[in-house]
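The values are calculated or read from the model by the stated rules, or taken from the named source; none is laboratory data. These numbers were taken from a predicted model, which means no experiment stands behind them. Methodologically, a virtual Cβ is constructed for each residue, glycine included, from the backbone with ideal geometry; neighbour enumeration extends over all protein chains shown. Ligands, DNA and RNA are stripped out before the accessible areas are found, and what is left, the full protein with its side chains, is counted by its heavy atoms. Shrake-Rupley method; radii C 1.70, N 1.55, O 1.52, S 1.80 Å.
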Amino acid sequence: MRRAKSIDDIMEEVLAAGCTMVVTNDAPLATALNSRIGHPQIGPLAYTAREIAGMLQYEVLGGAILTDVEIVRRIQKELDDRGFKWGFAEIYNEILNIREIRRYKSEVDKYLHGREKRVYEVYQTLRTREALQNNCNDEIMGRFYAGKKVAVVNDEDFDQLDRHILPPIGTYVNIEPMKMGEKVSIEKIYPIGNDRQIAENVVDLIDADHATDVAIVMNSDGAIADAIRAMLYRKRIPFKNKLSVRDVAQIRDYLQFITLALSFDTLRVSDVRTMLQSYGASGVYGLNNKIDNLSLSKVYSSIDSILANPDDRTLELLGIMSDIRGFTFDEVRKKLDFRGTTSSVSIQLESMGLLGRRINDKDVTELAYAISNVQDLRHNEQIPEFEKKGVLLADCRNSVYIDRPVVVFVGMGTDWDMTPAGKPYIDRLELEEFNARRMTVLLQQGQSRIYAVKPFTDGKTTIPCETLDSVFGTRVSDFSVICGEEQYDVGTWAESRNEGSLFEESTGDDLSTADHPDPELVFSKSTYNLWATCPVSFLFREALPFGSTEDNQRSLYGSVFHWFTEFAYCYPEEVLKHKDDPDYYVAKLMALYEPMIESGNVEVERTRLRSNILQMMQFLEEEILPIDTKGAVKPVEKNERNPLFAWEGHDEKFDNVEKTEYCCDKHASAQYDLSFGNRVIDYKTGKKKGSQSVYNHLSLIKDFESQPLFYLYVRSRLHGDMNTPTEFTLFFVTSQPSDIKAYLTSESYPLENLLVKVIYNPGMKAANLDAIRRGITSPRAINKKKFAPKVDQVMELLSSLFNDPDKCSYENVSRLLAVAELEDDETARKHAYDIIGELRPIKYSKKERTVEVSREYLESFADQVSMDWNDASSAMFGPIYRRPNIIRECKKCDYKKYCLSANVSIETGGDDDE
């Protein structure tokens with residue numbers, strides 16, 4: 001790759017040209033150049049384009065740039081006056097889109113549609129950064145730069161807006177970032193096992209006393225970043241950290257209080273007990289764990305008969321929660337401020353214009369969204385001193401120049417890519433060249449450089465970042481292409497992926513090794529369920545793809561009802577026209593279904609179908625129509641199996657209905673009944689389940705069912721990079737006896753009893769640990785207070801145990817007591833066990849009918865799928881030489897008569913063995 005100029009080289013060139021000001025679009029470079037000024041000077045030498053624009057805001061705009069919240073509120077008010085009732089999140093998302101387009105194109109209108117255009121009309125009239133930079137013409141900039149000799153670092157890399165801040169063309173010295181005609185290569189790359197092993201090896205190289213000499217470049221949103229931060233904490237090595245508004249504990253606590261209070265009538269005591277104690281409620285006289293399962297509203301209405309002598313603070317807080325909509329945001333803030341710690345809360349409320357407003361669901365939702373997403377919110381909390389300096393954690397997608405002597409590059413896989421997919425305003429070729437220039441400079445930062453990569457990702461050889469092709473001028477199919485096979489330093493961690501696998505006892509010339517994978521194998525949720533519960537059954541299914549008569553009958557009914565749901569999701573308004581006459585569709589579907597079922601079951605199946613169609617219509621009316629679930633329109637294929645489209649005269653459907661998606665290099669597939677945004681809906685015609693039953697099936701307490709985890713992983717991986725909460729809704733179109741009653745009485749089941757929501761929450765671990773910390777450090781804590789003096793060490797251990805299936809083992813309880821420096825007696829062990837038991841990587845709520853899954857739990861599932869794919873793809877080519885661990889019961893298997901490993905006696909004649 002081309003040799004890049006170092007920061008010192010750029011400084012020498014600036015001084016040699018006699019320049020008195022430097023303009024760059026890289027803030028770390030400006031900081032580094034200013035630190036190298038070797039002579040007395042008033043003010044900095046180097047500025048970013050945005051800093052210069054900020055100096056001119058009063059001259060150009062006649063006032064200060066508005067904050068993001070102010071911009072959203074003004075647009076909201078203007079559009080409200082025009083009759084458009086759009087929420088905070090909707091408008092802010094449009095603003096972010098407008099800003100990105102403006103970075104690349106001056107004519108933003110061409111790339112906007114519908115609502116975006118209306119938002120942009122108002123946005124153009126406000127004092128925004130885009131308006132400021134757009135109005136900085138040559139006359140204004142000529143006056144600003146008058147009398148200064150200006151150097152610009154690579155004017156080619158300034159975006160459409162930043163170029164307005166540059167001096168007039170021909171009046172400045174342009175400093176190229178590369179040295180002409182010189183080449184440089186990467187000498188060695190270290191492939192290191194997995195994320196945790198990379199983190200351990202990298203952090204082991206760092207001396208805590210010289211942490212400020214080191215920078216680590218990585219994808220700061222990826223799992224590897226979490227592993228590195230955790231290892232730095234564990235080794236007590238300081239690193240530079242940011243404190244955003246959403247990280248401020250008092251803001252999180254306030255938001256949690258008002259959010260829970262809005263659901264006061266549906267809460268249990270356990271949902272709020274710890275939180276109330278952190279606000280000063282008594283743990284002795286107030287709410288206690290003996291009444292955890294009771295309804296909070298019922299406890300409050302009968303509190304004198306339930307609690308002997310409730311304390312005043314508990315009564316006050318419960319009173320606030322029960323009548324939360326009667327208070328303003330500021331009144332609740334003042335009532336919670338018993339230690340005088342909510343000044344940051346008042347700053348946010350004031351910026352959102354909520355101080356004097358009464359609390360309501362809409363405003364709370366907007367406040368929560370703003371705290372989580374708006375980037376320029378401010379607070380008055382101090383970052384701890386040890387987090388102001390130390391190891392620099394740099395994001396590979398935003399960093400170019402790094403002023404540290406030692407730089408470690410971690411990952412360099414596809415998570416480093418920046419693609420313009422779905423963004424027509426970005427020229428792909430220009431972006432590739434821009435990214436290549438930046439990465440060429442980035443990979444040469446530091447005097448000493450280490451490149452650490454993962455050899456395998458999702459069970460296959462890691463694919464390097466696509467930009468590396470342009471950097472090195474050749475196809476980089478794997479990392480050894482960059483440095484050569486002899487310098488691709490494979491260590492002892494790169495062990496065979498097949499060690500300890502299902503096939504370890506095989507011998508001879510068989511083909512049952514991972515060297516012969518089946519590239520055509522794709523796990524669906526059904527095939528993976530078979531493999532996870534019994535690999536032998538999986539292989540039989542591949543060879544003998546048939547099931548029992550009962551299974552075939554269920555599949556047949558499911559297909560018929562599928563036709564109706566697919567059509568209903570595409571044309572819900574048309575289907576609901578027949579809400580009072582469901583037999584319109586029953587007759588059409590039974591005409592095909594009736595010949596394929598036993599004659600004695602015809603009326604039963606007709607009644608079942610009618611009941612399920614009625615329930616589906618209720619679901620359409622209450623759940624689907626109120627929200628926008630429509631995808632892109634596509635033509636119905638000529639070989640379309642669903643006859644309803646032809647019968648009803650439609651030749652178009654939505655592409656998000658019956659949609660199949662793949663991830664993990666197509667090792668995993670998910671076929672959604674309906675998908676939109678971060679939500680997937682799947683209907684079930686089998687036995688209705690509650691959230692506890694779904695939880696049991698996910699966690700192997702009962703027969704394994706991978707579908708929710710499978711679909712959540714595929715959806716969140718493809719549509720949110722694992723950082724977006726995703727919901728998988730199970731809709732049980734029941735076939736219970738009560739359906740017959742509903743059919744006969746023309747009544748529908750209560751819809752909420754038919755839904756179970758499995759929610760992927762990437763922030764679940766942090767919230768869980770935060771709640772445990774508050775419980776330990778609460779001044780009202782009784783049994784846990786002995787752990788408070790060593791709470792940081794305790795939380796560090798708990799963080800490492802979060803997703804450990806054996807976290808409550810005797811050994812781990814002993815570790816917790818040792819970390820807390822407590823005596824190992826029976827009482828202390830009980831309390832330690834209780835604390836560890838509060839770790840919940842996956843949990844369920846019967847009341848809310850939800851199952852919540854953490855990022856750690858979902859990623860461990862995905863890792864298991866990848867390992868199983870290696871074994872399964874190899875098993876397709878040879879025999880299995882030993883009987884695997886089998887979870888499912890052999891006597892229920894369709895292939896038991898053919899299996900030599902089945903743990904069941906096959907009887908000939910007589911009654912069935914079941």
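Pick from region 474-505 the residues that are in contact with a Lys or Arg (Cβ under 9 Å, 6 or more places away or on another chain) and at pLDDT 85 or above: which of them is farthest from C663 (Cα to Cα)? Checked region 474-505; the qualifying residue farthest from C663 (Cα to Cα) is C483.
For residues in region 799-815 being within 24 Å of P725 (Cα to Cα) and either at pLDDT below 85 or in a loop (DSSP other than H, G, I, E, B) (or both), which is most open to solvent (accessible area, probe 1.4 Å)? Checking each candidate, the answer is P805.
Please go through region 439-461 and pick out each residue that is under 17 Å from K188 (Cα atoms), of a type outside the set (G, A, S) and part of a loop (DSSP other than H, G, I, E, B). The answer is L443, Q444, Q445, Q447, K454, P455.
I want to confirm something. Restricting to region 626-643 and keeping residues that are closer than 30 Å to V522 by Cα and of a type in the set (A, V, I, L, M, F, W, C), which single residue is most open to solvent (accessible area, probe 1.4 Å)? The residue in question is V633. Scanning region 820-855 for residues that are closer than 14 Å to S693 by Cα, open to solvent by less than 50 Å² (accessible area, probe 1.4 Å) and either touching a Lys or Arg at 6+ places or on another chain (Cβ under 8 Å) or in a helix (DSSP H, G or I) (or both) yields a count of 4. Answer yes if at least one residue in region 309-331 is closer than 17 Å to F257 by Cα, at pLDDT 90 or above, assigned to a strand (DSSP E or B) and not β-branched (V, I, T), and no otherwise. Within region 309-331, none of the residues are closer than 17 Å to F257 by Cα, at pLDDT 90 or above, assigned to a strand (DSSP E or B) and not β-branched (V, I, T).
With respect to the conditions (1) buried (at least 18 other Cβ atoms within 10 Å of the Cβ); (2) in contact with a Phe, Trp or Tyr (Cβ under 8 Å, 6 or more places away or on another chain), E796 lacks only one, and its number is (1).
Scan region 291-305 and tell me whether some residue there is open to solvent by less than 40 Å² (accessible area, probe 1.4 Å), part of a helix (DSSP H, G or I) and of a type outside the set (A, V, I, L, M, F, W, C). Within region 291-305, one or more residues are open to solvent by less than 40 Å² (accessible area, probe 1.4 Å), part of a helix (DSSP H, G or I) and of a type outside the set (A, V, I, L, M, F, W, C).
For region 631-642, the tally of residues that are under 27 Å from the mean Cα position of the chain (by Cα) and at pLDDT 75 or above stands at 1. The sole residue among E623, E566, E603 that is open to solvent by 10 Å² or more (accessible area, probe 1.4 Å), assigned to a helix (DSSP H, G or I), closer than 26 Å to T729 by Cα and at pLDDT below 85 is E623. The helices (runs of 4 or more DSSP H) found entirely in region 136-251 that carry 3 or more residues being within 27 Å of L392 (Cα to Cα) are 195-204, 223-234. Condition check: under 16 Å from E130 (Cα atoms), crowded, with 17+ Cβ neighbours inside 10 Å and out of contact with any Leu (no Cβ under 8 Å at 6 or more places or on another chain). Does E94 satisfy that? Criteria met by E94.
Considered as a group, the residues in region 174-231 that are open to solvent by less than 70 Å² (accessible area, probe 1.4 Å) and basic (K, R) include one that is modelled with the highest pLDDT, and that residue is K179. Looking across region 517-540 at every residue that is of a type in the set (D, E, K, R) and either crowded, with 20+ Cβ neighbours inside 10 Å or in contact with a helix residue (DSSP H, G or I) (Cβ under 6 Å, 6 or more places away or on another chain) (or both), the one that is modelled with the lowest pLDDT is identified as D518. Of all the numbered requirements in (1) within 30 Å of D478 (Cβ to Cβ); (2) open to solvent by 20 Å² or more (accessible area, probe 1.4 Å); (3) assigned by the TED database to the domain that holds I101; (4) not β-branched (V, I, T), D159 misses one, and that requirement is (1).
Just one residue in the set V575, V586 is surrounded by 12 or more Cβ atoms within 10 Å (Cβ to Cβ) and within 24 Å of K659 (Cα to Cα); that residue is V575. The requirement of being without any contact (Cβ under 8 Å) to a residue 24 or more places away in the chain and part of a loop (DSSP other than H, G, I, E, B) is not satisfied by A281. Candidates in region 18-53 are the residues that are among the small types (G, A, S) and surrounded by 14 or more Cβ atoms within 10 Å (Cβ to Cβ); of these, the one that is farthest from R163 (Cα to Cα) is A32. Filtering region 753-786 to residues that are among the aliphatic types (A, V, I, L, M), open to solvent by less than 30 Å² (accessible area, probe 1.4 Å) and over 30 Å from H697 (Cα atoms) leaves I776, A781.
Selection over region 404-414 of residues that are outside any strand (DSSP E or B) and buried (at least 20 other Cβ atoms within 10 Å of the Cβ) gives a count of 3.
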